[in-house]
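To start, the structure under review is shown below, and the notes come after it.
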Amino acid sequence: DNMIKYGMAAKDTGRIGDFLSSAQSRAQRTAVEFGQALESLGSTSVDMGMSFRDTMAILTGMAKAGTAGAEAGTALAMALARLARQPADAAKALRELNINIADFSGPNGVDAIRMFQAIADALPEDKLRRTATVMELFGAKGRKIGGLLSLMGRNTFVQDTAKGLEDDLGRAALVAAE
């Protein structure tokens with residue numbers, strides 16, 4: 001199912017295996033948890049034009065920050081949906097952060113890594129205000145996205161993971177051979 005959603009075919013199974021192997025290693029989580037996350041995420045990321053690589057990098061960041069499996073997929077789906085439709089509280093929070101989601105959209109879809117990084121960088125430093133802003137942006141599941149944003153605010157793990165997923169092509173075969 002996930003292959004079809006992302007426009008992949010049977011010839012891409014090695015690439016998917018490599019991405020999963022790399023993600024497992026980077027986040028210390030299982031392939032089952034990443035499968036559950038992708039299943040719960042559904043087609044939301046595909047509908048927004050996100051690549052499989054970027055989706056996996058964000059889910060890996062969420063897992064590293066403590067939210068994995070179906071919980072991560074559901075939280076990411078809800079976060080993306082709120083950013084796309086922008087209910088009043090989310091739109092207000094984006095204005096206060098001086099972020100326009102359209103700035104992260106192109107002909108191929110949304111650049112979610114860059115978008116979440118901009119949000120992470122713009123969040124208030126005060127922890128209470130930061131938490132309130134995350135909840136305004138992402139609603140009840142906001143605390144799950146908050147972990148990802150905190151991770152992105154501290155380092156480049158998600159961006160490094162996106163690059164590393166490509167660099168690790170062939171990893172699954174090496175792990176299987178060990």
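The values are calculated or read from the model by the stated rules, or taken from the named source; none is laboratory data. The model shown is predicted, which means the values in this text are computed figures rather than measured ones. Heads up, the Cβs are rebuilt from the backbone with ideal geometry, glycines too, and the neighbour counts pull from every protein chain shown. Ligands, DNA and RNA are excluded from the accessible area calculation, which covers all protein heavy atoms including side chains. Shrake-Rupley method; radii C 1.70, N 1.55, O 1.52, S 1.80 Å.
Kindly establish whether ASP54 is among the acidic types (Asp, Glu), in contact (Cβ under 8 Å) with a residue 40 or more places away in the chain and under 18 Å from MET152 (Cβ atoms).
It is true that ASP54 is among the acidic types (Asp, Glu), in contact (Cβ under 8 Å) with a residue 40 or more places away in the chain and under 18 Å from MET152 (Cβ atoms).
Confirm whether LEU76 is farther than 18 Å from PHE157 by Cα and hydrophobic (A, V, I, L, M, F, W, C). Talk me through it step by step, then tell me what you get.
On the way: farther than 18 Å from PHE157 by Cα: no; hydrophobic (A, V, I, L, M, F, W, C): yes.
The answer is no for LEU76.
For segment 133-171, which positions are over 30 Å from ARG15 (Cα atoms) and either among the polar types (S, T, N, Q) or open to solvent by 40 Å² or more (accessible area, probe 1.4 Å) (or both)? Before you say what the answer is, go through the steps one by one.
Of the residues in segment 133-171, the ones over 30 Å from ARG15 (Cα atoms) are 133-143.
Once the filter is applied, which keeps residues that are over 30 Å from ARG15 (Cα atoms) and either among the polar types (S, T, N, Q) or open to solvent by 40 Å² or more (accessible area, probe 1.4 Å) (or both), segment 133-171 yields THR133, MET135, GLU136, ALA140, LYS141, ARG143.
Go through segment 103-134 and report how many residues are closer than 15 Å to MET50 by Cβ and either in contact (Cβ under 8 Å) with a residue 40 or more places away in the chain or not basic (Lys, Arg) (or both).
Residues flagged as closer than 15 Å to MET50 by Cβ and either in contact (Cβ under 8 Å) with a residue 40 or more places away in the chain or not basic (Lys, Arg) (or both) within segment 103-134 amount to 13.
Using beta carbons and a limit of 9 Å, which pairs, at least six apart or on different chains, have the first residue in segment 146-157 and more than 14 Å from GLU125 (Cα to Cα) and the second one among the aromatic types (Phe, Trp, Tyr) and open to solvent by less than 20 Å² (accessible area, probe 1.4 Å)?
Listed by first residue and then by second, the contacts come to LEU148/PHE116.
Anything in segment 30-55 that is modelled with pLDDT of 90 or more and outside any helix (DSSP H, G or I)? List them, or say none.
MET48, GLY49, MET50
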